[in-house]
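The structure appears right after this line, and notes come after that.
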Amino acid sequence: MTISRRTLLAAAPVAAAALAAPSLARAQNAGRVVIIGGGFGGASAARFARDRFPALDVTLIEQNRTFTTCPYGNLVLAGRRTIESITFGYERLAARGVRVVHQRATAIDPQAKRVRLSDGAEVPYDRLVVSPGIDLRWGAIERYDQAASARMPHGWAPYVQPITVLERQLREMRQGGVFVMAIPDNPFRCPPGPYERISMVAEYFKRHNPRAKILALDAKNGFSKQPLFQDAWEELYPGMIEWRGASNDGRVTAVNPEALECVTEFRDRVRGDVVNVIPPQMAGQIARDAGLANASGWCPIKPATFESAQVSDIWVLGDATIAAPMPKSGFAASTQAKHAIACIAASLAGREPPPAVYFNTCYSHVGEDYGISIVGVFRGGERLTEVEGSGGISPRNSALPADRRAEFRRLEAIYADGWYDAITGEMFG
Amino acid sequence: MRIPSLAAAALLACGTAAAQVPDGALLGSACAGCHGVTGEGGHGIPSIRQMHGREHFVELMRAFRANERPNTVMGRIARGYTEAEIAALAAHFARAQ
Ligand SMILES: Cc1cc2nc3c(=O)[nH]c(=O)nc-3n(C[C@H](O)[C@H](O)[C@H](O)COP(=O)(O)OP(=O)(O)OC[C@H]3O[C@@H](n4cnc5c(N)ncnc54)[C@H](O)[C@@H]3O)c2cc1C
């Protein structure tokens, strides 16, 4: 494998000496890598480890038998996709030599370097990767708890609630009804996600409930790819969507589940026929229990490696981390995963980690034959920084020649499907 | 700890990258997120798997960077990588995956 050989050869004695002494003492042989969470971060890490560092012993601990992606969940709402088409099994990863354990990790002992499972078994590790995604902060919005979420679904964490709960309510909504959405402040999972959801719900309404309205109550004053989304909404769904930002009393602070009502900061009461509440979030429980999170509820990492800044020999990935300016996205989690595995392999061999380059693209579907994207290339040294002059959002209509606009949007919608197949193929194919 | 300015942090990051040979296989693993694990492409995303001689690959990336080649997304991507990294990517994708 070129990659491991190169990393081994590139080792500088100075940096090697700076590494933790135990890893130097350990044999130059590969070690036991245990991964908690088989989502975008964890499954990508497992696949990459098997492909590039076959000598590593890889165990993946995932509580569920199947994984339903958040990405393309909004297309289920639109009626374009079925839940089955965005659900994957772990058989292929297992066939690639990953030991897949379907248990919940209940505790981590960083001294003994062991993970406890819900069945009581213990799994020893040399290096641990934790990519558990998010938990929802029940009660952060007054009265929004798990019971309330049955009436006012979030559809933001498939391992807590499948998107089909919201889908069903949408299909049963009365003609001309109002779909209300509560959107949280930063940081949260998938910054453009709520606005793609607005778009996909609008696409569904346009076909099946043309007099329906969408009212988005947002705890922020601006959002990801905002000019692109708003241009598209005006173009595709004129008059259907109202977005209220924080300075326009958009912040939802409480709900009344019986009345399907949101209460805003300044006590406006907004009733909907279907109400989608996306509550504030935090790192998944196992990360918080293991002392990987700080007071914010998210996990600080070393930007050069994604190793925990708080507990040694543990790497944290994906949505659970504090990684701004990188977004909490699946693509980001997967490039963090690959870099982390390369760093883990280097650290097990007592070598210097490779230079840190991370990457993200988030495509969003906003309508039929209409896709948009945001790109970022990031480097990790003492801090995480976005490479100046790179990345950014797709051009606005005003920046595209009139005869190229439709084609550009159409191509991005097609490429989005290419992205989805490529990244899920890498994880589960 | 002193918080470096953006420019200083960028210099620092570049310094680190320049001090080491860029790892083409690791850098190229990000491209897999759209082009597929082996660079095979799909849904209109072109294949980049052993398709191009190194020089042609570098030419393409330079043209994307300068927006001299029509693109939806590759310009924004290519501008994120250094010359040395593009050379390492070219070498990586020229090999059998
Ligand atoms: C509507 C929506 C649309 C999105 N669209 C996009 C998109 O287009 N592109 C994009 O890049 N990103 C998108 N995202 C974001 C993406 O889903 C997340 O950023 C990504 O899932 C984060 O990966 P992760 O590994 O951190 O967590 P996850 O992918 O959520 O994986 C966590 C896994 O860990 C498991 N787990 C948790 N705790 C334990 C435990 N104790 N023991 C065992 N297993 C455990 C869970 O069951 C889960 O399988 C979207 C998100 C939403 C909500």
* What FRET efficiency would be calculated for the residue pair A:ARG92, A:ASP249, taking the C-beta separation as r and a Förster radius of 45 Å, to the nearest 0.05? -> 0.40
* Antiparallel DSSP beta bridges within segment A:57-196, as percent of all bridges there, nearest 5 -> 75
* What residues qualify as long-range amide H neighbours of A:ALA356, i.e. H under 5 Å apart, gap of 5 or more or another chain, H built at 1.01 Å from N? -> A:GLY380
* To do: Please compute the net charge surrounding B:GLU85, taking Lys and Arg as +1 and Asp and Glu as -1 over other residues with Cβ under 11 Å from its Cβ.
  => -1
* Express in nm, to one decimal, how much length is gained between A:GLU122 and A:ALA150 on full extension, taking 0.36 nm for each residue of separation and deducting their alpha carbon distance. => 6.6 nm
* **Per-residue HN-Hα couplings for segment A:49-59 [Karplus 6.51, -1.76, 1.60; θ = phi - 60°; Hz; x = Gly/Pro]** => 4, 5, 5, 9, 10, x, 6, 5, 9, 10, 10
* Report the label-to-label distance for B:ASN67 and A:ASN221 in nanometres (one decimal), using points 7 Å from each Cα along the Cα→Cβ vector. => 2.9
* Structure fact -> Once Lys and Arg are counted +1 and Asp and Glu -1 for all other residues with Cβ under 11 Å from that of A:GLY391, the total becomes 0
* With charges set only on the Cβ (+1 for Lys and Arg, -1 for Asp and Glu), what does the dipole of the protein assembly as shown come to about its Cα centre, in debye to the nearest 20? -> 460
* **Under-5 Å amide H pairs with A:VAL100, H placed in peptide plane, nonlocal only** => A:LEU60
* Please work out the Cα convex hull volume for segment B:23-95 and give it in Å³ per residue. => 80
* Pairs of alpha carbons in segment A:137-281 whose separation is greater than 19 Å (percent) -> 47
* Structure fact -> Calculated from DSSP helices alone, with each H run of at least 4 adding -39500 (n - 2.57) and the total divided by the residues of the protein assembly as shown, [θ]222 nm to the nearest 500 comes to -10500 deg cm²/dmol
* Cα-centre dipole for segment A:137-281 with unit charges at Cβ (Lys and Arg positive, Asp and Glu negative), debye to 20 -> 260
* Asked: Which percent, to the nearest 5, of DSSP beta bridges fully inside segment A:137-281 are antiparallel?
  -> 30
* Asked: Which lysines does A:LYS113 reach when only Cα atoms under 26 Å apart count, and residues fewer than 8 places away in its own chain are ignored?
  -> A:LYS302, A:LYS338
* **Hz values of 3J(HN,Hα) by residue in segment A:81-93 - Karplus curve (6.51, -1.76, 1.60), Gly and Pro given as x** => 10, 9, 5, 4, 6, 10, 10, 10, x, 9, 4, 5, 4
* Can you give the % of DSSP beta bridges in the protein assembly as shown that are antiparallel, to the nearest 5? -> 55
* Structure fact -> Once amide hydrogens are built 1.01 Å from N within the peptide plane, the residues lying 5 or more places from A:GLN281 or on another chain with amide H under 5 Å from its amide H are A:ARG137
* To do: Run the numbers on chain A and let me know its relative contact order in percent, using alpha-carbon pairs under 8 Å that are six or more apart.
  => 19
* Jot down the per residue volume, in cubic angstrom and as a whole number, of the convex hull over the alpha-carbon atoms of chain A. => 146
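Computed from the coordinates by the stated procedures, all read-outs in this text should not be read as laboratory data. Being a predicted model, the structure only gives us computed values, none of them experimental. Positions of Cβ are generated from backbone atoms using ideal geometry, with glycine treated the same way; all protein chains shown enter the neighbour counts.
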